[in-house]
Amino acid sequence: MKVQRLTDEVLEIDIKGIDAPIANALRRIMLTDVPTLAIEKVILFQNTSIIQDEVLAHRLGLVPIVADPNEFASIEYDSTNTAVSEPDEYNTTVMTLQITCSVNPNASLAAPPHIAYKNDTVYTRHLVWVPQGDQEKRLRTPIRPVHDDIVIAKLRPGQCIEAELHLQKGTGRQHAKWSPCATVYYRQMPHIEIVEPFTGSEADRLVKLCPMGVFDVEDITSMVDTAPANSQKTAFVARPRDCTLCRECVRDPNDEPRIRLLRHRDYFLFTVESSGSLPPEQIFRRALQEFEAKAKEIESSMDIPRYVTPICAEDAE
Ligand code: SF4
């Protein structure tokens with residue numbers, strides 16, 4: 001494995017030596033089996049905004065939340081998908097939303113809504129965390145939305161929203177709001193072979209043909225004094241990972257037999273984009289742990305004896 005790029009939101013990592021089903025299983029585990037915290041219950045005391053209660057609750061549920069899921073227990077569900085655990089400070093935390101829109105007495109009549117009214121837009125920054133029990137001391141990071149400026153609703157003077165929000169741990173398998181990933185995708189490493197060399201002006205033409213700059217020109221005469229007099233500049237594959245397999249370089253029927261566009265079967269270029277609730281490298285690491293746990297679960301449920309190293313006759317003596 002080799003990390004190519006790591007930012008707060010994106011991880012690009014190369015993995016060699018695995019098959020496509022394993023790569024796809026890893027991708028799916030990242031999307032659906034890495035837990036996060038999300039708003040699960042919305043208790044509305046007042047909502048006089050134009051947005052309906054159920055739409056408001058749905059929007060709140062989709063707000064990505066920064067929290068360490070390891071610090072919370074999961075809610076247990078029975079066979080009818082009904083929660084059987086009682087909410088407490090170990091499996092639930094609480095946020096509140098209390099906001100009222102009013103006229104700004106200092107604004108002119110022609111002022112736009114964001115100046116004419118106070119609190120005309122409800123943002124995620126208006127959500128206030130209310131720690132339960134010893135959560136303020138016990139949790140290493142305060143619970144907060146990933147972004148402060150996600151629009152939740154619009155209000156006009158006299159309208160208000162008053163709600164209590166219960167946040168619980170879950171996975172993308174239960175609902176997409178718990179998925180820690182905006183997206184996860186992979187592609188196989190391109191493998192480009194130049195079967196018949198492109199030299200001289202042909203080499204320059206090939207370099208210009210590729211929109212991704214995959215090819216470069218090697219000019220031996222300018223690099224080595226002892227190069228043969230008849231040496232010519234030659235095109236070579238300089239940046240294979242940039243190839244998008246657009247086939248532009250083999251569009252001309254004369255070029256088609258000269259270049260082979262292939263892909264490595266066991267070399268995957270992964271991109272993990274986080275929703276912000278967990279750093280992308282943590283999503284990847286937790287997915288690997290989850291993968292290992294699943295493999296062990298399958299192994300332990302197999303009804304065949306474990307492989308035992310045979311004792312050779314000489315050792316036995
Ligand atoms: S397939 Fe497209 S991107 Fe890849 S080498 Fe050819 S022209 Fe470049």
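Output the qualifying pairs, or none if there are none: Cβ atoms under 7 angstrom, residues six or more apart or on different chains, first residue in segment 249-268 and under 16 Å from Arg239 (Cβ atoms), second residue away from the ligand (no atom under 11 Å from the Cβ) and not in a strand (DSSP E or B).
Within 7 Å, the pairs are Ile259/Val195.
Only one of (1) under 23 Å from Tyr186 (Cβ atoms); (2) in the same structural domain as Ile161 (by TED's automatic domain parsing) is not met by Leu109, so which one is it?
So the condition that Leu109 fails would be (1).
If we keep just the residues of segment 150-181 that are under 20 Å from the mean Cα position of the chain (by Cα) and surrounded by fewer than 16 Cβ atoms within 10 Å (Cβ to Cβ), which is nearest to the ligand (Cβ to nearest atom)?
Only one residue fits best here, namely Ala176.
Determine which single condition Val184 fails, assuming it passes every other condition in (1) surrounded by fewer than 19 Cβ atoms within 10 Å (Cβ to Cβ); (2) under 30 Å from Gly17 (Cα atoms); (3) of a type in the set (A, V, I, L, M, F, W, C).
Only one criterion in (1) surrounded by fewer than 19 Cβ atoms within 10 Å (Cβ to Cβ); (2) under 30 Å from Gly17 (Cα atoms); (3) of a type in the set (A, V, I, L, M, F, W, C) is unmet by Val184, namely (1).
Filter segment 64-83 down to residues that are assigned to a strand (DSSP E or B) and without any contact (Cβ under 8 Å) to a residue 12 or more places away in the chain and give me whichever is nearest to Ala287 (Cα to Cα).
Per the stated criteria, the residue is Tyr77.
Within segment 246-259, which residues are loosely packed, with under 14 Cβ neighbours inside 10 Å, farther than 27 Å from Asp14 by Cα and near the ligand (Cβ under 10 Å from one of its atoms)?
The answer is Arg251, and nothing else.
Scan (1) in the same structural domain as Arg59 (by TED's automatic domain parsing); (2) within 30 Å of Glu290 (Cα to Cα); (3) touching a residue at least 60 places away in the same chain (Cβ under 8 Å) for the single condition Asp134 breaks and write down its number.
If we test Asp134 against (1) in the same structural domain as Arg59 (by TED's automatic domain parsing); (2) within 30 Å of Glu290 (Cα to Cα); (3) touching a residue at least 60 places away in the same chain (Cβ under 8 Å), just (3) comes out false.
If you go through segment 94-103 one residue at a time, do you hit one that is within 28 Å of the chain's Cα centre (by Cα), surrounded by fewer than 15 Cβ atoms within 10 Å (Cβ to Cβ) and of a type outside the set (A, V, I, L, M)?
No, segment 94-103 has no match at all.
Just need a number here: residues in segment 4-63 that are among the aliphatic types (A, V, I, L, M), in a strand (DSSP E or B) and out of contact with any His (no Cβ under 9 Å at 6 or more places or on another chain).
Summing the residues that are among the aliphatic types (A, V, I, L, M), in a strand (DSSP E or B) and out of contact with any His (no Cβ under 9 Å at 6 or more places or on another chain) in segment 4-63 gives 7.
Looking only at segment 283-299, which residues are β-branched (Val, Ile, Thr) and farther than 19 Å from Leu11 by Cα?
Hit for segment 283-299 is Ile298, nothing else.
Assess whether His166 counts as being outside the structural domain of Val94 (by TED's automatic domain parsing) and part of a strand (DSSP E or B).
no
So which residues in segment 232-245 are closer than 24 Å to Thr199 by Cβ and within 11 Å of the ligand (Cβ to nearest atom)?
Ala235, Val237, Ala238, Arg239, Pro240, Asp242, Cys243
Pick from Glu193, Glu218: which is more than 8 Å from the ligand (Cβ to nearest atom), charged (D, E, K, R), at pLDDT 95 or above and under 23 Å from Leu261 (Cβ atoms)?
One residue alone meets the criteria, Glu193.
The values are calculated or read from the model by the stated rules, or taken from the named source; none is laboratory data. None of these values were measured; they are calculated from a predicted model. Counting neighbours? That spans all protein chains shown, and the Cβs are built from the backbone with ideal geometry, glycine included.
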